[in-house]
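The values are calculated or read from the model by the stated rules, or taken from the named source; none is laboratory data. Please read these numbers as outputs of a predicted model, since none were measured by experiment. Cβ coordinates were reconstructed from backbone atoms using ideal geometry, including for glycine residues, and neighbour counts include every protein chain displayed.
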Amino acid sequence: MRPPSSQTRSQDGELRMQELAALLGLNQSSVSRMVERQERAGLTVRDLFPDDKRGVYTVLTEQGRACVGRRAARHEQALGAALKAHGGAALLPPTQARKGRTGP
């Protein structure tokens with residue numbers, strides 16, 4: 001599973017479909033289908049660039065931002081637990097490496 005925050009890396013949660021495809025390592029056709037499903041679920045909206053009618057971008061809705069936040073937290077927890085379970089706690093940020101410990 002890819003980290004869910006690719007689209008939030010842009011300043012306002014808005015990305016060209018081509019940029020999103022590159023960030024996710026997917027082809028544009030796959031990203032278009034994925035964004036279409038997310039749009040039907042109310043997580044994103046698509047629009048044309050005002051200056052370039054060929055350029056399509058997608059923007060996270062408030063519901064989409066909330067979903068990204070929940071998924072990012074779960075992703076971070078799962079990754080942290082896996083690293084701790086397999087001796088990789090040193091790879092975690094200090095605040096996350098201490099979570100779940102008892103004592104100092």
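A few points about this structure:
- The residues of region 40-58 that are modelled with pLDDT of 90 or more and either aliphatic (A, V, I, L, M) or in a loop (DSSP other than H, G, I, E, B) (or both), listed by number, are Ala41, Gly42, Leu43, Val45.
- Every pair of residues 6+ apart whose Cβ atoms lie under 7 Å, when the first sits in region 14-28 and is more than 21 Å from Asp52 (Cα to Cα) while the second is outside any helix (DSSP H, G or I): Leu24/Arg2
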